Structure formats: C-alpha cells, structure tokens
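Everything on this sheet refers to the single structure shown next.
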Amino acid sequence: MTRIALVFLGAFAAIAMSFTALTLLPRMQLSAIEPTPGTADYTYDEQLGREVYLREGCIYCHSQQVRPEGFGSDLKRGWGPRGSRPGDYVYDETHQLGTMRTGPDLHDIASRQPSRDWHLAHLYQPRSVSPGSVMPAYPYLFEVKKKSNVMASEVTVPLSADYAPPGDSVVVATEDALALYDYLMTLKLEPINDGGAQGASN
Amino acid sequence: MPEDASPAVPPDVADASADADWRQVVDASARGPVVAFVVSATAWLVIGSLLALIASFKFQFPDWWTQQAWLTFGRVRPAHLNTMIYGWISMAGVGVSAWLWARLLKTRLRGQWMLLLSAALWNLGVLVGTIGILAGYSRAIEWVEMPYVAFAFIVPAMLLVVASFIQTLWERHARHLYISVWYLGAAILWGPLLVVAILLPIYSGIPEATANWWYAHNILGLWITPPGLAAAYYFIPKVIGRPVHSYHLSYLGFWTLALFYNWAGVHHLVGGPVPQWVATVSIVFSAMMIIPVIVVAVNHHLTVVGHFEKLKYSPTLRFVVFGAMSYTAVSLQGSLQSFRYWQEVTHFTHYTIAHSHLGVYAFATMIAFGAIYYIMPRVTDWEWGSKRLVSLHFWTTGLGIGAYFTALTIGGVIQGFQLLDPDVAFLEIVDDTKPWLIVRSVSGTLMTIGHLVFAYLLARIVTRSGERPEGPTYFHPVPEGTFAHVGGDGTRSARVPSTGEEATSQEDR
C-alpha cells in the first residue's frame, strides 16, 4: 500500500500547489485592484447585451485583450491606445479574454467603430459592410417586417441594396441586437499616462 | 482470490500461458463497464465530428444555416469541444482504464454497477450540457462551457469511477504496481479535483482567466494524457513482446510530469493582462516539461526500435505507436511555443488549434483507438469483422489528422506573422487563411469517415454480428510466431469456445 499511497499523496500535493499558486494567489493579488479610468459597472441593457455576447460565442473569434507596447502590433493597428490591464476587467463576472483572432480584437471597439448603423448592419449581414468577412450572419437577432408595420420606437437597419430585403420590407433590430450594441460600446480603453508601469502586463 | 493464485509477475517478463485463467475472469468482469463506456464514447465521437464539420464548413459558407440560433458557429464550436473532451475522450479513457486497471492489478473489476451507473450519468451530463450550449446557456468559459447542471451529473459520475477503482485496488493481487497503474491512479485523483476546483464560484475578471487556463490545460495534461501514456506503456511492450526500454526512467517520467505539467497552462496568457510572474512561471514549467517528455519518448520509441515490421500487422500497435510519436511531437511543440517570441507569433492563430488537435487527436484519440482494438475482442470474445475496414479507419484518421495539422500549422504561422505586421490589412489576413481552412474541412471529413467506419466495426463486435471471424485481426498475414506471446498467432480464437465465458486470450500480463 505504501507505494500507491505515495503516488496519491504526491499527485495531490502537486496539484494543490499549482492550484494555490495559479488561481488563489492571483485572486488575492488582484483583489484590491482599482478599475481603470472609464471602466464602470454594466447597466441593465449592457449586461443583457453581454449575455448575448456570451451566448453566441463571440469569444471563439474575438479576443478582448490589447497587447502592450513591444509585444505584437496591436497598438500600431489602432486596436487601442494602450495594452489592456487587470483593472479593465473588474466588473467582468465571466472573463472574455479569448485565445483566437479570426476576427479583430474588440477591447477598444467602441473607439474604433462607434456607429450603431454600422454595427447593426454588420451583425445582420457582415459582408454588407465588410466584404470578404467570414463572420456568421445573425439574422435571428433581427426582424424583417413591412415598412408600414414598423413602430416609431423601433430601430430600422440601413442596408445597401444588395442585402436589403425585397419590396417594401425593412430590417428591424430586436432588443437583443440593440443590447449587444450597447455592450460593445462599453468596450473602450482610456489612455493612461503613468509610463505604463503599474499594473501593466509585461 | 480464486481467480488469481499466481505470484506477482514483474511487468517486463513476457511470461506466458501457465496461468491464463485469471485473465478470462478479469476480462469477463470488465465486460459491462468497458462496453458501456466505449460505446457511449464512440457515439459522442460521431456527434462531435458532425458538430466539427458544421463549424468548419461555416468558414467556407458563412451564410449557411444562419437562421437557426442553435446552429451558429459560436455555439456549435464549443458544443464540438465539449462532446469530444467530456464525451468521447473522457469516456473512452475510463473504458480503457477500467480494463487496464483490473488486468494490471490482477483481480476482477469491482463495483460494476457503479461504473454502469457512472456511464449513464456521464451520458446524461454531456447530453444536457451539449443541448445547453446549443440552446444558448453556455457559460462562455473555454473548456467549461457546459452549464452547471451538466456537471451535477458528471462529477458524481467521476466519483463513482473513483469508488470502483479504489475498491478494485484494495482487492488487488498484483504486488508490483506497473507504471501504468501510477498514471491511472493519479488521473482518477486529478480529474474530479480539477473539475470541482473550476466550478467553485470564486472567480471573476483576470484571476478567472488564470484559473481557466490552469484548468483547461490540466484537463488535457492530468486527465486525458495519463490514460494515454498508461495505455502506451502497456500496449507497446505487450504487443511487441519485450520489456520497456528502461523501467527506472519511467518513474522519473511520472514524477516530473506530476510536478511540472500542472504549472504550464497559464502560458495561454503570455503577453496578456496578467501579473508578469504568472506567465513567467508557466513558461519555466512548460520548458521543464521537456524532461518527462524525453523520458517517455526514450522509453516508448526505443522499445519499438528493431520491431518496426510489427507495425505492418497489428492494428493496436500501429495506432498506439502513431499516438506515442504524436505525444513526443505535441509536447516538444508545447514547450517551444510557450516561449515569448514564438507565443507572440502563434498565439491567437489557427496554429494553436492545430496544436490542440495534435494533443487530443493524434496522441490521445489514436491511442484510444489502438487500445480499443486490443480490448474489445477480449471482453466480447469476438473478433473485428474486417481488416480492410480497420485499415480504412487507420488511413482516413491518420492522413486526416496529418493534413489537418499541417494545414493549420502553416496557415497559422502565416496568419501570425501577418498579424504582427500592421501594414497588412486585417481582411487580407482573413482572405489568406481561407485556403487552409478548406483543407481543414476536407481533412475533417476524412476523419469523420474514419469515425463512422470505427463506429460500424464497434457495433458489429459488440453485437457479435455475422460469422465469427477467424483468428485475430491483422492487416496482413502474420509470419508464424510473431505475436504468439499475446495469443495473436491465430490460436486465440481457434482455441476459444464461443460460449463467451471461456478464455479470450491466453497470454497477458
């Protein structure tokens, strides 16, 4: 029994150590971190939009982490004014850092592309504003209805003739699409002038 | 115990025939659980493959099946990962491990009812979880997407496996514990601990990201890898008929894996907004992983040296050696890509996807196939129906994963260098990945064909369909005596009455 007990004990000790170091320690180290300027808790609509982002799996093609100066070319691409910092994520109950860039990074998308018309058209049919894109279309976040049935409170999506529905129908955004837009507009990095030292990643 | 009065035989003694009877008892005791787990696993393999194809073809046809929310890429892709990880490879791993565990401990597998219940719960959990992801209840944490309720089935299912294994261990007759037992024992401890640890409701923000990658990498390294290595350590010497190259080295390999692997996962966040030390620690341990990998490589490959001609005949050996070679490749690649320079290029690209498939597929899945080819005839007392179909299975999956890995690796490296160059427009990069993604869809189709063939063969052997095939299944007629030590010289079936309770093979450890 002694040898197999040693195996179990050693295996347990090994995993307990790395668990403590890689999950509990960062948690303690970052527990008192301040939100970066411009980072605020989500409103009801923004939270709703965030849930759409999680549900539809945006993370599998879009990261939310801008690489810092000197590592990659994110800043030169105009993907943000600075590298992302832990303080940017303090209100994120479910992190969406991501590991894949089939599409561009979105951590500063609100600065780069604030237009609601653009985002709604892009979600309804990515290729209508971004030719050659491989992003899926999300028609189920929209409704196609007769122009005469559109209520004043509803948001119509402007589409180029190639992608607009035929006849006198128009594309109207659902609550989910509008909430997702609201959430995307929270993804904005404010520049910080502290020499990039404190809290910076690398 | 009546089934085993034999003294503990050192594992490197390919001693034979004298005490064959206990093996029949062991095989019979493992029949129910092994069949339940392997058949379930294979069903998930087929489902996971179809999900993979849908996800992959969406890159060629982004406007295909977009009206239905549940078929959108962002849901199908995690559904694919979860069915493959928690359905296919986990359940196949348990099935193979259960048989190895009983054989190596030289005693009946205990707690069959617990294992059968476990298989049922496990299936329910993966089913609920997969439907949950497709229906929009994903937790959106990579490798842990299934909603909590799925784990309410899977965690008890894992604990039942642990209980059965502990009971079997307690009643063991082997005095010497072969290295495979170490790996399997550690894995059944690590698996449930990992899952419980990541389900704790204590994470958010950046610490959640480090916990996430600690978990995801460890599920691969401490839950999926050990049964793969245990099987390779068992089947390579077994089928070839010579001891492992250096038994002492295997201890070193085990302990260095146990101590180093679990620190490596956070290299997925190198260059990200995590504390510097976290990434550095991961890089250091990723590099140290070279030690266990070289040790295992020496042991596996040097055991095969001089016996390559046997790969021509034995399906088990061919699949397992393919897997063992892939393990060396994927692990060395893993150590290399954790370094900052290479991470800067390859992170966020298809290169990473290629790497993970080299691990889960070319290594773990191929070894699982090889192990199942060896185990099923012994627990069902029947033979594989067609050597041609086994061969088709090998070539479709082998060439499939080869093309898959090559295409995504090259495409990923190009993508990585283009991303580093701010003068290359993003949509140009997207355009340049398209040809490689076509290769992915084609090779994925090839692998899926292989999986359907395998599922068909498995259905035939489990239901004992058709004429009872003559002798063990080899790709080519085997020169006399080549596999005599495993009862594979054609005498296995001939000597065995087909009542099912009798011998299935006469020489085993």
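The values are calculated or read from the model by the stated rules, or taken from the named source; none is laboratory data. Every value quoted in this text rests on a predicted model; they were computed, and no experiment measured them. We place every Cβ from the backbone using ideal geometry, glycine too, and count neighbours over all the protein chains shown.
I'm told A:Pro131 meets every condition in (1) away from every other protein chain (no Cβ under 14 Å); (2) without any contact (Cβ under 8 Å) to a residue 40 or more places away in the chain; (3) under 27 Å from B:Ala425 (Cβ atoms); (4) not hydroxyl-bearing (Ser, Thr, Tyr) except one. Can you identify the failing condition by its number?
Among (1) away from every other protein chain (no Cβ under 14 Å); (2) without any contact (Cβ under 8 Å) to a residue 40 or more places away in the chain; (3) under 27 Å from B:Ala425 (Cβ atoms); (4) not hydroxyl-bearing (Ser, Thr, Tyr), the lone unmet condition for A:Pro131 is (1).
Would you be able to tell me the number of residues in the range B:256-268 that are at the interface with another protein chain (Cβ under 7 Å from one of its Cβ atoms) and within 19 Å of A:Pro68 (Cβ to Cβ)?
2
Only one residue in B:Ala371, B:Ala354 is assigned to a helix (DSSP H, G or I), free of Cβ contacts under 8 Å to residues at least 60 places away in the same chain and among the small types (Gly, Ala, Ser). Which one?
Result: B:Ala354 is the single residue among B:Ala371, B:Ala354 that is assigned to a helix (DSSP H, G or I), free of Cβ contacts under 8 Å to residues at least 60 places away in the same chain and among the small types (Gly, Ala, Ser).
Yes/no matrix, rows are residues, columns are (1) at positive phi; (2) surrounded by fewer than 23 Cβ atoms within 10 Å (Cβ to Cβ); (3) at pLDDT below 95:
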{"residue": "B:Val345", "(1), (2), (3)": "no, yes, no"}
{"residue": "B:Thr349", "(1), (2), (3)": "no, no, no"}
{"residue": "B:Ala354", "(1), (2), (3)": "no, no, no"}
{"residue": "B:Ala368", "(1), (2), (3)": "no, no, no"}
{"residue": "B:Tyr373", "(1), (2), (3)": "no, no, no"}
{"residue": "B:Arg378", "(1), (2), (3)": "no, no, yes"}
{"residue": "B:Trp384", "(1), (2), (3)": "no, yes, yes"}
{"residue": "B:Thr396", "(1), (2), (3)": "no, yes, no"}
{"residue": "B:Leu408", "(1), (2), (3)": "no, no, no"}
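Among the residues of the range A:58-73 satisfying the criterion of being facing chain B (nearest Cβ under 7 Å) and touching a residue at least 12 places away in the same chain (Cβ under 8 Å), which is surrounded by the most Cβ atoms within 10 Å (Cβ to Cβ)?
Kept after step one, since they are facing chain B (nearest Cβ under 7 Å), are these residues of the range A:58-73: A:58-60, A:63, A:65, A:67, A:71-73.
With touching a residue at least 12 places away in the same chain (Cβ under 8 Å) added as a condition, the list becomes A:58-60, A:63, A:65, A:67, A:71.
Working: A:Cys58: 22, A:Ile59: 26, A:Tyr60: 21, A:Ser63: 25, A:Gln65: 30, A:Arg67: 27, A:Phe71: 19.
Here the answer is A:Gln65.
Among the helices (runs of 4 or more DSSP H) confined wholly to the range B:89-203, which include 3 or more residues that are modelled with pLDDT of 95 or more and closer than 18 Å to B:Arg31 by Cβ?
The helices (runs of 4 or more DSSP H) meeting that bar are B:90-105, B:112-134, B:148-170.
Identify the residue in the range A:135-179 that is within 14 Å of chain B (Cβ to nearest Cβ) and of a type in the set (D, E, K, R) and, among all such residues, is surrounded by the most Cβ atoms within 10 Å (Cβ to Cβ).
A:Asp176
Quick test of your reading of the structure: A:Ala110 fulfils all but one of (1) closer than 30 Å to B:Gly271 by Cβ; (2) assigned to a loop (DSSP other than H, G, I, E, B); (3) of a type in the set (A, V, I, L, M, F, W, C). Name the failing condition by number.
Only one criterion is unmet by A:Ala110, namely (2).
Is it true that some residue in the range B:311-333 is more than 26 Å from B:Arg77 (Cα to Cα), surrounded by fewer than 20 Cβ atoms within 10 Å (Cβ to Cβ) and not hydrophobic (A, V, I, L, M, F, W, C)?
There is at least one residue in the range B:311-333 that is more than 26 Å from B:Arg77 (Cα to Cα), surrounded by fewer than 20 Cβ atoms within 10 Å (Cβ to Cβ) and not hydrophobic (A, V, I, L, M, F, W, C).
Taking the criterion of being within 12 Å of chain A (Cβ to nearest Cβ) and either surrounded by fewer than 23 Cβ atoms within 10 Å (Cβ to Cβ) or over 29 Å from B:Gln24 (Cβ atoms) (or both), would at least one residue in the range B:113-121 satisfy it? Steps first, please.
Looking only at the range B:113-121, we keep the residues that are within 12 Å of chain A (Cβ to nearest Cβ), and these are none.
Among the residues of the range B:113-121, not one is within 12 Å of chain A (Cβ to nearest Cβ) and either surrounded by fewer than 23 Cβ atoms within 10 Å (Cβ to Cβ) or over 29 Å from B:Gln24 (Cβ atoms) (or both), which makes the answer no.
Looking at the range B:272-325 only, could you name the residues that are in a helix (DSSP H, G or I) and among the aromatic types (Phe, Trp, Tyr)?
Of everything in the range B:272-325, those that are in a helix (DSSP H, G or I) and among the aromatic types (Phe, Trp, Tyr) turn out to be B:Trp277, B:Phe285, B:Phe308, B:Phe319, B:Phe322.
Scan (1) within 24 Å of B:Ala279 (Cβ to Cβ); (2) away from chain B (no Cβ under 11 Å) for the single condition A:Arg116 breaks and write down its number.
So the condition that A:Arg116 fails would be (1).
For the range B:226-244, does any single residue satisfy the condition of being part of a helix (DSSP H, G or I), within 17 Å of B:Pro192 (Cβ to Cβ) and within 13 Å of chain A (Cβ to nearest Cβ)? Can you show your working first?
Within the range B:226-244, the subset part of a helix (DSSP H, G or I) is B:226-240.
Remaining after also requiring within 17 Å of B:Pro192 (Cβ to Cβ): B:226-227.
With the extra rule that they be within 13 Å of chain A (Cβ to nearest Cβ), the set shrinks to B:226.
Scanning the range B:226-244 turns up at least one residue that is part of a helix (DSSP H, G or I), within 17 Å of B:Pro192 (Cβ to Cβ) and within 13 Å of chain A (Cβ to nearest Cβ).
With the checklist (1) within 9 Å of chain B (Cβ to nearest Cβ); (2) of a type outside the set (S, T, N, Q); (3) in contact with a Leu (Cβ under 8 Å, 6 or more places away or on another chain) in hand, flag the one item A:Leu30 doesn't pass.
(3)
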